[in-house]
Every structure is written in structure tokens, then in C-alpha cells.
1. Scan region 151-169 and give yes if some residue there is over 21 Å from residue 70 (Cβ atoms), in contact with a Leu (Cβ under 7 Å, 6 or more places away or on another chain) and either touching a residue at least 60 places away in the same chain (Cβ under 8 Å) or open to solvent by 20 Å² or more (accessible area, probe 1.4 Å) (or both), otherwise no.
2. Is it fair to say residue 33 is surrounded by 13 or more Cβ atoms within 10 Å (Cβ to Cβ), of a type in the set (Val, Ile, Thr) and modelled with pLDDT under 85?
3. Among the residues of region 63-79, how many are in contact (Cβ under 8 Å) with a residue 40 or more places away in the chain and within 15 Å of residue 45 (Cα to Cα)?
4. Look through region 96-112, keep the residues that are buried (at least 21 other Cβ atoms within 10 Å of the Cβ) and over 13 Å from the mean Cα position of the chain (by Cα), and return whichever of them is farthest from residue 152 (Cα to Cα).
Amino acid sequence: MDNIERLQRKKQQQKARRKEKKAAKEEAAKMAVDNEVSEGVRRMRMLYPALRNANSKNSLHIEGGYGPVTSLTDEDWEQIGRDMNGSNYLEYLSLFGGILNDQKMSYLFRGLTGSNTIKQINLRNNDFGVEGVRSMVPFLQNTSNLKKLNVSNNNIGSEGFALLWRALCDRPINHLIVSSCGIDSIEIDAAPQIT
């Protein structure tokens with residue numbers, strides 16, 4: 001029995017060492033990825049676990065005007081978009097209060113190109129217009145579960161609304177909120193006839 005117990009103990013120790021090595025490799029890989037991004041993105045990932053695919057958080061809510069969001073570069077916004085794009089848990093995205101302009105929208109949606117999990121997006125009270133909407137169109141066309149989009153209090157105008165409408169017309173969206181967006185007129189293309 002003594003030899004059998006020693007062999008079992010040795011196997012358990014070997015298994016524990018393999019597990020530790022695997023965990024160390026995963027941590028090293030994670031740190032290598034973190035070393036490739038800016039300090040601003042690292043701080044955002046730390047403050048907002050949804051960017052790191054943490055399943056305990058399914059929402060990302062960032063209000064503008066303070067914190068690390070004010071010092072993010074264009075490339076940081078693109079990386080944050082990629083982080084969101086890779087999330088399997090992010091359902092509710094809220095970036096509001098002057099965080100985004102046309103340029104930042106362009107970089108954010110260069111990284112965020114689609115989602116199977118995001119259900120609601122709140123981009124109200126920012127500073128983007130038709131170019132920001134144009135940047136968002138590929139994402140809107142490649143999202144499968146988006147139910148609600150709020151772009152209120154952004155100067156998207158009639159052209160921006162038309163872009164949104166075309167991008168969303170065959171998507172499963174239930175609510176599109178566009179109040180105070182400088183929309184002068186609405187021209188909606190007729191839906192194709194199904195025969």
C-alpha cells in the first residue's frame with residue numbers, strides 16, 4: 001500500500017504542477033496583451049470589467065467628462081471597440097455625456113464591428129453627427145440582438161436618420177430614439193414588396 005499511496009501522491013503533485021504552469025502561461029499571455037495597450041486602456045479595463053469579458057458584468061456604463069475616458073487617444077477608442085467586439089457577455093452599452101464625437105465614433109466602430117450579445121446601446125448627449133452615424137453603420141448591419149438604440153441629443157440630422165433607418169430596417173430592433181437630433185424631414189424608402 002505504501003508504494004501505491006506514494007505513486008498517487010506523485011501523480012497528484014504532477015497534476016498540480018501542470019495546472020500551475022498552465023495558469024502561469026495564461027497569466028503571461030494576458031499580461032503580454034495588456035503590455036501592448038496604452039495606460040488609458042489598461043485603466044479602462046480595470047474600471048470596467050465588461051471590457052475584459054468578465055461574466056459578472058453584462059453592462060458598460062461610461063459618462064463623459066471625468067476619469068480615464070478623458071485622456072483616451074483615437075487608437076485607445078479603437079482598442080476599446082475591439083474589446084467590446086470580443087465580449088461574450090456585454091448586453092448593455094452606454095457611452096454618453098460628451099464622450100463621443102465623429103472622430104472617436106470612427107475609431108470606436110473601427111474596432112466594434114459586430115455583436116451577438118449587445119441588446120441596448122445608449123449614445124445620447126454626445127457630440128457626433130452624420131459622420132459618426134456613418135461609422136456605426138457596419139456594426140448595426142452585423143449585430144443580431146440589438147433591440148434598442150438611443151442617439152438623442154446628437155446632431156445627426158435628416159441624413160443621419162436616413163442612414164440609421166436603412167441600416168436597421170431589416171434588423172430586430174424595437175426602439176430607435178432620435179429626439180433632439182436636428183432632423184428636419186424624414187424620407188423613408190418603401191419596404192420591398194414580398195411576393
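The values are calculated or read from the model by the stated rules, or taken from the named source; none is laboratory data. Values in this document were obtained by computation on a predicted structure and should not be read as measured data. So basically every Cβ, Gly included, is an ideal-geometry build from the backbone, and we count neighbours across all protein chains shown. To get the accessible areas, we keep the full protein, side chains included, count just its heavy atoms, and leave off ligands, DNA and RNA. Shrake-Rupley method; radii C 1.70, N 1.55, O 1.52, S 1.80 Å.
1. no
2. So residue 33 does not fit the description; no.
3. So the count comes out to 1.
4. Within region 96-112, the match that is farthest from residue 152 (Cα to Cα) is 104.
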